[in-house]
Amino acid sequence: FSATAIIGIGLPLFLVTIAETLLRAQLLSCEDGRWKLRGSLAGIADILPSSVSQLVDKEMEALPEEDQAILEAASVAGESFDLASLAAASGSTEDQVESRSARWMRQHRFLMQDATTPSRFRFRHAVFQDAVYRRIPAGRCARLHRAIGQALVATHGPDTAAIAAEAAVHFERGGDVAAAISCLEQAANRSIGRCAYADALAHA
């Protein structure tokens, strides 16, 4: 692997990712308190990525399309996400999204639970989110942003103003200018009501 990859994302994350990859491939095991590699070094080198992004690409390609859709929607949703929005954007049910998210969390793959809100999940590292996001074709990415924005508005009902700024970002990136303007107006009015005039001006 390259020195650039290690310096760019941090040695601990890269080494942990490599170790987890070897464990899942059953090429690394603990015997009598000692860690041992199985197989030849050349064979092991063939499966190791030169960066975390390459590892994510390999793992994504091995997943069923439904799982890929969930992770793509998650990368579009942002730093953390709720099950309802993710289900609406990916075309899966909330139960499906929750079961897969929980499984990936147990396997130390892709996702983890949000420390501040247990009902939400997040990517284990921004590098994982970015690697998945970059895989998405532009047209699909725009559709996912619109779907996430619509889901946020739908799930918050009369309290849309609370998530208006977040929804506006998704509508803007999704090319729905009218919806983005409506959300920004709500966000500005909410900021005025809280005497957060700098925020109101930014939204305006």
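The values are calculated or read from the model by the stated rules, or taken from the named source; none is laboratory data. Quick caveat: nothing in here was measured; it's all calculated off a predicted structure. Backbone-built Cβ (ideal geometry, glycine too); neighbour counts: all protein chains shown. Note: accessible area is taken over every heavy atom of the protein model, side chains too, but ligands, DNA and RNA are not part of it. Shrake-Rupley method; radii C 1.70, N 1.55, O 1.52, S 1.80 Å.
Of everything in region 104-119 that is in contact with a helix residue (DSSP H, G or I) (Cβ under 8 Å, 6 or more places away or on another chain) and open to solvent by less than 70 Å² (accessible area, probe 1.4 Å), the residue that is farthest from Glu72 (Cα to Cα) is Arg109. Taken together, the residues in region 170-201 that are crowded, with 19+ Cβ neighbours inside 10 Å and either aromatic (Phe, Trp, Tyr) or touching a Gly at 6+ places or on another chain (Cβ under 9 Å) (or both) amount to 7.
Out of Arg120, Arg103, Arg134, Arg109, I need the residue that is within 16 Å of the chain's Cα centre (by Cα) and either more than 25 Å from Arg24 (Cβ to Cβ) or among the small types (Gly, Ala, Ser) (or both). Which one? Spell out how you get there, then give the answer.
On the way: Arg103 fails: either more than 25 Å from Arg24 (Cβ to Cβ) or among the small types (Gly, Ala, Ser) (or both); Arg134 fails: either more than 25 Å from Arg24 (Cβ to Cβ) or among the small types (Gly, Ala, Ser) (or both); Arg109 fails: either more than 25 Å from Arg24 (Cβ to Cβ) or among the small types (Gly, Ala, Ser) (or both).
From the options Arg120, Arg103, Arg134, Arg109, the qualifying one is Arg120.
What do you reckon, is Glu66 more than 18 Å from Arg134 (Cβ to Cβ) and in contact with a helix residue (DSSP H, G or I) (Cβ under 6 Å, 6 or more places away or on another chain)? Step through it out loud before you land on a result.
Details: more than 18 Å from Arg134 (Cβ to Cβ): yes; in contact with a helix residue (DSSP H, G or I) (Cβ under 6 Å, 6 or more places away or on another chain): no.
The answer is no for Glu66.
Determine, yes or no, whether Arg103 is out of contact with any Leu (no Cβ under 6 Å at 6 or more places or on another chain), without any contact (Cβ under 8 Å) to a residue 24 or more places away in the chain and of a type in the set (Lys, Arg). Yes: the conditions hold for Arg103.
Quick check on this structure: which one of Ala62, Ala165 is open to solvent by 10 Å² or more (accessible area, probe 1.4 Å), under 30 Å from Glu185 (Cβ atoms) and not hydroxyl-bearing (Ser, Thr, Tyr)?
Ala165
Just so you know, in region 123-162 the residues that are touching a strand residue (DSSP E or B) at 6+ places or on another chain (Cβ under 8 Å) and of a type in the set (S, T, N, Q) include one that is surrounded by the most Cβ atoms within 10 Å (Cβ to Cβ), and it is Gln129.
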